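First comes the structure, then the notes that go with it.
Read the figures in this text as sums done on the coordinates, not as results from a lab. Just so it is clear, the structure is predicted and the values come from calculations on it, not from any experiment. When we count neighbours, we look across all protein chains shown, and the Cβ atoms used for this are built from the backbone with ideal geometry, even at glycine.
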Amino acid sequence: MTESMSPPVRIVIVDDHPVVRTGFAELLDTQPDFQVVGTAGDGAAAVRVCRELSPDVVLMDVRMPGMDGIEATRRLAGAPEPAGSPGSGPRVLILTTFDLDEYVYDALRAGASGFLLKDVTAERLFDAVRVIAVGEALLAPAVTRRLIGEFARLDPKPDPRSAAALALLTPRETQVLRLMAEGLSNQELAERLVVTEETVKTHVSRVLSKLGLRDRTQAVVMAYETGLVVPRSRGPR
């Protein structure tokens, strides 16, 4: 009796430092469910390589000569899919030196699915790639709240087109989106709504499909940018 195995997660690594690219590639290739299919040294090369190789996940540096990681992310993950099928492009995992680097916010707006510090442990890196590959949100609740608070501070004006898209959601789906924006996992959503995790997954899938989003991270960003969810006040100044 043979056991069916899923195909490996195909990965492209983008960084302007060859040593960093090589190090991450060697590390990721130690995992049987990963396959590093290519590398690039700048954003333009990243877009070209990814369009040629169609990876599942891209590890993307932000600050690079020429086209930076934000513009490359926008071209790979932020543009609408021509066939109207969001999620068919690679999911982008931003690599940064500072956990609240201002560029992280721009990268998430551009379509990135999350971010990691470059000094991340091997196990955390492996977990992050697997989480991103299946479309889950990488951001932990505490990090989500910090990021969203910063989103609100930097850009308080709602996007009218995104706000109009929310009208496509049913009341239940809108409730699910609000809870997703709190950083709740599927299990926590199921407990809060008193339904099964499978039901939650169905709701989440429909929310992403109706809004044309790739993953939960983008749903969280939209929920706050449209004003559907407002960051709690830190109290009077």
Handout entry: Segments 200-208, 68-76, 165-173 sorted - mean Cβ within 10 Å per residue, highest first
Key = 68-76, 200-208, 165-173
Handout entry: Calculated FRET value between Leu193 and Arg63, using beta carbons and R₀ = 35 Å, to 0.05
Key = 0.25
Handout entry: Lys, Arg +1 and Asp, Glu -1 on Cβ, resulting dipole of segment 9-135 about Cα centre, debye, nearest 20
Key = 360
Exercise for the section: Only Lys, Arg, Asp and Glu count, each charged at its Cβ (+1, +1, -1, -1), so figure out the dipole size of segment 150-225 about its Cα centre, rounded to 20 debye. Expected result: 260
Problem - Inter-centroid distance (Cα atoms) of segment 167-214 relative to segment 1-50, Å - result: 31
Fill in the blank from the handout: Farthest towards the positive end of the dipole of segment 9-135, among Leu53, Ala112, Gly41 and with Cβ unit charges of +1 on Lys and Arg and -1 on Asp and Glu, lies the Cα of Leu53
Practice task
Using per-residue counts of other Cβ atoms within 10 Å, averaged over each peptide, order 26-35, 10-19 from highest down.
Solution key: 10-19, 26-35
Problem - Distance between modelled label sites at Thr202 and Thr170, nm, 7 Å Cα→Cβ extension - result: 0.8
